[in-house]
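Report on the following structure.
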Amino acid sequence: MSWASSEGTRRSMLGNKARDTKPELAVRRALHAAGFRYRVDIRPSLELRSRADIVFTKRKIAVFVDGCFWHGCPIHATMPKSNVGYWVPKLQRNTERDRETTLKLESLGWVVLRFWEHEAVDAIVDAIKKHWAVDDVRK
């Protein structure tokens, strides 16, 4: 018996990527074009299970481009109508894990930047540049 409520749902969920989503790729292309170099899909700290989408290791900046459905966007998140007993706890745990990851990384001296997949690429790149500039001032 599958965990999915239907074969269509199963196929759809199996098609979701853990990395290299369209929003991530767009941000990475823009950063690269602006001269930034970074690591992709790595754990910023071995103490964590979570992997950041974009990591500037020397500057200790971890960037997450969160999907609206999976991470509970206050604007676009939706709740599935079927199999609610499975999805509600799963989605709640995702948001809890996001908070825990952010707090842990910050306690280790990392700057954590979280963006929603629907945010404009230029705005995301500008925010990253601002944190980059703050880091330059600290050095």
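The values are calculated or read from the model by the stated rules, or taken from the named source; none is laboratory data. Since we're looking at a predicted model, the values are computed, not measured. Every residue, glycine among them, receives a Cβ derived from its backbone with ideal geometry; neighbour counts consider all protein chains shown.
Where helices (runs of 4 or more DSSP H) fall entirely within segment 36-139, those with at least 2 residues that are over 17 Å from residue 21 (Cα atoms) and more than 13 Å from the chain's Cα centre (by Cα) are at 84-107, 121-138.
Every residue in segment 89-98 that is under 14 Å from residue 49 (Cβ atoms), of a type in the set (Lys, Arg) and without any contact (Cβ under 8 Å) to a residue 24 or more places away in the chain, please. Before the answer, list the steps.
Pass one, segment 89-98, residues under 14 Å from residue 49 (Cβ atoms): 93-94, 96-98.
Next, from what is left, pick out any that are of a type in the set (Lys, Arg): 93, 97.
Across segment 89-98, the qualifying residue is only 93.
Restricting segment 81-139 to residues that are basic (Lys, Arg), closer than 26 Å to residue 25 by Cβ and surrounded by 12 or more Cβ atoms within 10 Å (Cβ to Cβ) leaves a set whose member that is modelled with the highest pLDDT is 114. Looking only at residues in segment 52-71 that are free of Cβ contacts under 8 Å to residues at least 24 places away in the same chain and surrounded by fewer than 18 Cβ atoms within 10 Å (Cβ to Cβ), which one is farthest from residue 87 (Cα to Cα)? So the residue we want is 58.
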